[in-house]
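Heads up, the thing below is written out as structure tokens.
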Amino acid sequence: MTTRVRTNADAGVIAAQRMQEWGYTNATALSGGGGGGIDVYSTGGYAGVSWFGDPVAASTLEGLYQARGSGLRDLLFFSGVGYGDDALVYADSVGIALFAMDRDGTAEPVNTTARRILDTQGTGVRARAIPSASEPRTLRAAPARPEPVSAARQGAGMAAAAGNTVLGAVRAYWRIPAALIFTVILLVAPFGSDMIALRVFATLVAVVGTPLCWILAYQHHKARRSLR
């Protein structure tokens, strides 16, 4: 029987089936979406799905990346509407595997990270198919015997994970702090310095920056709410 994808729920079920075929054996579509950008859950990876609407933007992928936190799960995304240029760049920067899904349920890799998933399918090894943003993007077979990990290496790993979390938060929420800073400058600049040229320059910058950052913050908030 031929599979036909008609709704976002159908796409989630098919995405879970594809993930099971690729080694994520307990991949399960979450009814109504799991919140935070997660539509398919497995112990080895999370996936987001978008079947309708505009091409997937970087802000949508940010929600999936933030949902993983500092964990080691792989991140995948299945889209029936394509991807924007910003999404392609963002996915490569943080290691999200992008797939294009058509109506018969076929999922084709869009970026290098997704092709790695297909290259390793059938091996049953899904623990670290996708390297994190802080690691070299190469795959290495696990050593036959586990090597002892020094306290220094453990600390470095924890620091790298914390750094990724902080950078992800900055990418997601910089708009509101920037808008607040520009707002303060707009209120203070006309009266804050004896140098007229400096006051005029700061005021002009704030006049442009304040509404721009508030608009960007609103659009980002609206995009994140649409994921839930």
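A short reminder: the numbers here are calculations on the coordinates, not readings from a lab. The model shown is predicted, which means the values in this text are computed figures rather than measured ones. Neighbour counts are summed over all protein chains in view; Cβ atoms, including those assigned to glycine, are modelled from backbone coordinates with ideal geometry.
Residues whose amide H comes within less than 5 Å of that of Gly45, counting only those at least five positions distant or on another chain, are Asp74 (H built at 1.01 Å from N in the peptide plane).
Sequentially through region 5-19, phi angles give Karplus couplings (6.51, -1.76, 1.60; θ = phi - 60°) of 8, 10, 10, 5, 5, 4, 4, x, 5, 5, 4, 5, 5, 4, 4 Hz, Gly and Pro residues having no value and appearing as x. Between amide H atoms placed 1.01 Å from N, distances below 5 Å from Tyr83 occur with Val56, all of them 5 or more places distant or on a separate chain.
Of the peptides 15-24, 97-106, the ranking by mean beta-carbon count within 10 Å, highest at the top, reads 15-24, 97-106. In terms of the Cα gyration tensor, with a ≥ b ≥ c the square roots of its eigenvalues, is region 8-119 rounded because a/c is under 1.5, prolate because a/b exceeds b/c, or oblate? Here region 8-119 falls in the rounded category. By DSSP, the beta bridges lying fully in region 8-119 are antiparallel in about 35 percent of cases.
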